[in-house]
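For reference, the structure is listed below as structure tokens.
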Amino acid sequence: MSISPLDILVLTWDSLRSNPLRSALTGVGVFMGVAAVSATVQVGSISRATIARQIARREVPHVGIWSGRLKLEDMEFLQQRLRGVQAIGGSRWIGSVPIIFQEQEANPQAMAVSGDILQTLGPLKFYWIDHKSQFQ
């Protein structure tokens, strides 16, 4: 003795109509469960991409040099002397610079950077250098 598909549909419809609150809460629960599984999968893929990007950044050595007297000629000198260096980026603190944008005035902190600064951004190791003769 089996139940026909039509009997199953009628039984389901009667059950849903007789308990509307339970039916609505069950629907919300199913929706939340599907959303939680989807979010978990997305977090996993985003985490993998972030970790891969951080590992790729670590493979490239970065060296930062803090010196108040480093000039463009010094950077060119270091580029010639240091073997295996792909780029040298420099920055210099300018200070507060007044600007006007859309009729509003502000004094943001400003820094001048060299053309290769984007290639050299990342985890940095900083060394204090007093004179370029240390690289000769």
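List of remarks:
- Packing, as the average of other Cβ atoms within 10 Å across residues, places the peptides 87-97, 41-51 in the order 87-97, 41-51, highest first.
- For the range 5-59, the spread of Cα positions along each principal axis, largest first, Å: 65, 25, 5
Read-outs throughout are calculated quantities, based only on the coordinates presented, and are distinct from any laboratory measurement. Note that the structure is predicted; figures quoted are calculated from it, not measured. Cβ atoms come from the backbone with ideal geometry, glycine included; neighbour counts cover every protein chain shown.
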